[in-house]
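Have a look at the structure below before the remarks.
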Amino acid sequence: MHLLAAILIALVLTGTLPLIAGCYQFALAGLHGFRSRCTPAGEFYPNVAIVIPAWNEALVIERTVDQLARLEYPHDRLRIYVVDDASTDETPALLRAKAAQHPGLVFHLRREQGGEGKAHTINHGLRVIQAEGWYEAVLVIDADVIFTTDSLRRMTRNFADPEIGAVMGYIKEGSRPANWMKRFVGYEYVTAQAGARRAQNVLGAQACLAGGAQLLRRESLEAIGGAINTETLAEDTVTTITVQLAGMRVVFEPHAIVWAEEPGDVLGLWKQRVRWGRGNVQVTLRFRHVWLRRESGPLGGIGFGLIWFSVFLMPVFMLTSSASLLALYFVDRTLAQEVFKALWAITLVTYLFVTLSAFALDRDSARRVWREGLLFPGAISLLIIAYAVYPPLFDRYAADGLRDLGIDPHAGLSQAIQLFTYVWLSASMLAAWLIKQLDKSGHLRFLVAPLLYLVGFGPLLCAVQTAAYVKELQGKEMRWEKTEKTGTVGDLA
């Protein structure tokens, strides 16, 4: 019985691994300023060919091209290639006009037979620039992103270090006005980029070149075969890992700000993130010979493995933790209560550390998304934290409140509430999926936002990853289902 209890306790505490990994990343991010001083910061201006895959982007493509034309970068060292993937809207006409407006700078590449996907579209552009032989670096971006005027030169200056083979910018959610969903994404990007990618700079291993702002040195592109992988839904991640396995460093440039428009509702986010999640499953399997192997260099390190698998396996950790806590409840209720308190006490400490660290790293974003940052785990989880840390608060006041409502707080009700708190880590994913179903139904959609604040954005991401597992196991067709863009990025450049 003691052995069983010990095993269950260990399994319950696996639910804290993603939280501990988050703290680990932000602790490393605190070292980033020291580490970055070792990187050359002088100006460096290689010939850069910008490749933009575009399909039906009439609402956003003009502004994207115009902003690129205003970059603080020598125009004789810059060319912009927009690869039109058989668009059926006004995109071709708009691009022809832009090419005429900026001769020698903007080039419209038309694919009459499109629909193969983003990676194939990018590769069409790469074949053109490789045939010309002019470029020294290639910047692959999305059709809707807005580069701040100094962002490209901040990225290219890293190439003064010959060991650096690729650079990514800091993509931020830039919709104005931003609704509740976009603000959640805005906070998530602070943690996933400003925090996580700074940490990965310190480790010397990056997980993913952001698809909307990835700069590759020519030698890096040639080292991976001169083309983008077309066999997965995560071509940007495959590129990132293969460049590093080829012996070159990939770095995050936090001062190169790039604004993007992200999904504004649960359905849009779900479609986008399931695609990303499936891509991560494919990448994890594709590079299984790399993980936790010393000969793989920093990518095979324990620190990087903790970061990668804490995200990739987060739904598994949550399900295991809840199931084990429930099992422990039927083995030893007193012990289960103590482990429950420990689980949520660790959650409180890590939540405070990550949230406050994220706000400190990007104070501009914090002013806009502080509510979403505080409620990222959901109001219900915050109440459970309060209950676990200080039970008398609920035992005293909650019981009085129930009596005022005419409800007898008898032992059966208390037990039911306790069991609910024990399984919430798993139940929250189910609740997030039900919110997605509510959004999909079109009925009572006004409830979607308040319900998400209750359940949390974190559980929604875990539910998405679970859906990605399922779709990949089912072998669903891989399709480039681009996120719909409406051109809502504000005047932020």
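Are there any pairs with C-beta distances below 6 angstrom linking a residue in region 273-301 that is basic (Lys, Arg) to a residue that is assigned to a helix (DSSP H, G or I) and at pLDDT below 95, with the two at least 6 apart or on different chains, and if so which? Short answer, once both residue conditions are applied: Arg278/Lys471; Arg278/Glu472. Please tell me if Arg79 is modelled with pLDDT of 95 or more and not hydrophobic (A, V, I, L, M, F, W, C). Spelling it out, Arg79 is indeed modelled with pLDDT of 95 or more and not hydrophobic (A, V, I, L, M, F, W, C). Screening Glu235 against (1) surrounded by 22 or more Cβ atoms within 10 Å (Cβ to Cβ); (2) in contact with a Gly (Cβ under 8 Å, 6 or more places away or on another chain); (3) modelled with pLDDT under 95; (4) over 23 Å from Val464 (Cβ atoms) leaves a single unmet condition, (4).
Applying the set (1) in contact with a Pro (Cβ under 6 Å, 6 or more places away or on another chain); (2) within 17 Å of Ala143 (Cβ to Cβ) to Tyr45 leaves exactly one unmet item: (2).
For region 446-477, filtering for residues that are open to solvent by 60 Å² or more (accessible area, probe 1.4 Å), polar (S, T, N, Q) and in contact (Cβ under 8 Å) with a residue 60 or more places away in the chain leaves 0. Just one of the numbered conditions (1) in a helix (DSSP H, G or I); (2) open to solvent by 20 Å² or more (accessible area, probe 1.4 Å); (3) within 23 Å of Leu152 (Cα to Cα) is not true of Trp276: (3). Scanning region 431-445 for residues that are open to solvent by 80 Å² or more (accessible area, probe 1.4 Å) and over 16 Å from Gly268 (Cα atoms) yields His443, Leu444.
Please find, within region 204-232, the residue that is most open to solvent (accessible area, probe 1.4 Å) out of those that are free of Cβ contacts under 8 Å to residues at least 60 places away in the same chain and within 26 Å of Gln272 (Cα to Cα).
Among them, the one singled out is Glu231.
Being modelled with pLDDT under 95 and touching an Asp or Glu at 6+ places or on another chain (Cβ under 6 Å) is the filter; apply it to region 256-270 and report the residue that is farthest from Ile435 (Cα to Cα). Checking each candidate, the answer is Glu261.
Considering each residue of region 242-256 in turn, at least one proves to be on the phi > 0 side of the Ramachandran plot and open to solvent by 20 Å² or more (accessible area, probe 1.4 Å).
With respect to (1) open to solvent by less than 80 Å² (accessible area, probe 1.4 Å); (2) out of contact with any Phe, Trp or Tyr (no Cβ under 6 Å at 6 or more places or on another chain), the lone exception for Trp55 is condition (1). Residue-level check: of (1) of a type outside the set (Lys, Arg); (2) out of contact with any helix residue (DSSP H, G or I) (no Cβ under 8 Å at 6 or more places or on another chain); (3) open to solvent by 20 Å² or more (accessible area, probe 1.4 Å), Phe159 misses just (3).
Check off (1) exposed (fewer than 13 other Cβ atoms within 10 Å of the Cβ); (2) at pLDDT below 75; (3) polar (S, T, N, Q) for Ser414 and give me the number that stays unchecked. Looking at each condition in turn, Ser414 falls short on (1). When the residues of region 279-304 are filtered to those that are closer than 20 Å to Ala21 by Cα and assigned to a loop (DSSP other than H, G, I, E, B), the one that is least open to solvent (accessible area, probe 1.4 Å) is Val290. When region 297-335 is filtered for residues that are at pLDDT below 95, polar (S, T, N, Q) and within 30 Å of Ile241 (Cα to Cα), only Ser310 remains.
Quick check on this structure: which one of Leu343, Leu375 is of a type in the set (A, V, I, L, M, F, W, C) and touching a Phe, Trp or Tyr at 6+ places or on another chain (Cβ under 6 Å)? I'd like the intermediate steps shown before the answer.
Numbers: Leu343 fails: touching a Phe, Trp or Tyr at 6+ places or on another chain (Cβ under 6 Å).
On inspection, the qualifying residue turns out to be Leu375.
Among the conditions (1) of a type in the set (Lys, Arg); (2) in contact with a Phe, Trp or Tyr (Cβ under 8 Å, 6 or more places away or on another chain); (3) modelled with pLDDT under 95, Arg111 misses just one, which is (2). Name the single residue, out of those in region 58-88 being open to solvent by less than 50 Å² (accessible area, probe 1.4 Å) and among the acidic types (Asp, Glu), that is nearest to Ser175 (Cα to Cα). Ranking the candidates gives Asp66 first.
Within region 170-188, residues that are more than 19 Å from Leu267 (Cα to Cα) have Cβ atoms under 9 Å from residues that are assigned to a loop (DSSP other than H, G, I, E, B) and among the polar types (S, T, N, Q) in these pairs: Gly174/Thr488; Arg176/Thr488; Pro177/Thr488, counting only partners at least 6 apart in sequence or on another chain. Restricting region 315-354 to residues that are over 30 Å from the mean Cα position of the chain (by Cα) and among the β-branched types (Val, Ile, Thr) leaves a set whose member that is surrounded by the most Cβ atoms within 10 Å (Cβ to Cβ) is Val339.
The values are calculated or read from the model by the stated rules, or taken from the named source; none is laboratory data. Note that the structure is a prediction, hence the values are computed from the model and not measured. Cβ coordinates were reconstructed from backbone atoms using ideal geometry, including for glycine residues, and neighbour counts include every protein chain displayed. Please note that ligands, DNA and RNA were not included when accessible areas were found on the heavy atoms of the full protein model with its side chains. Shrake-Rupley method; radii C 1.70, N 1.55, O 1.52, S 1.80 Å.
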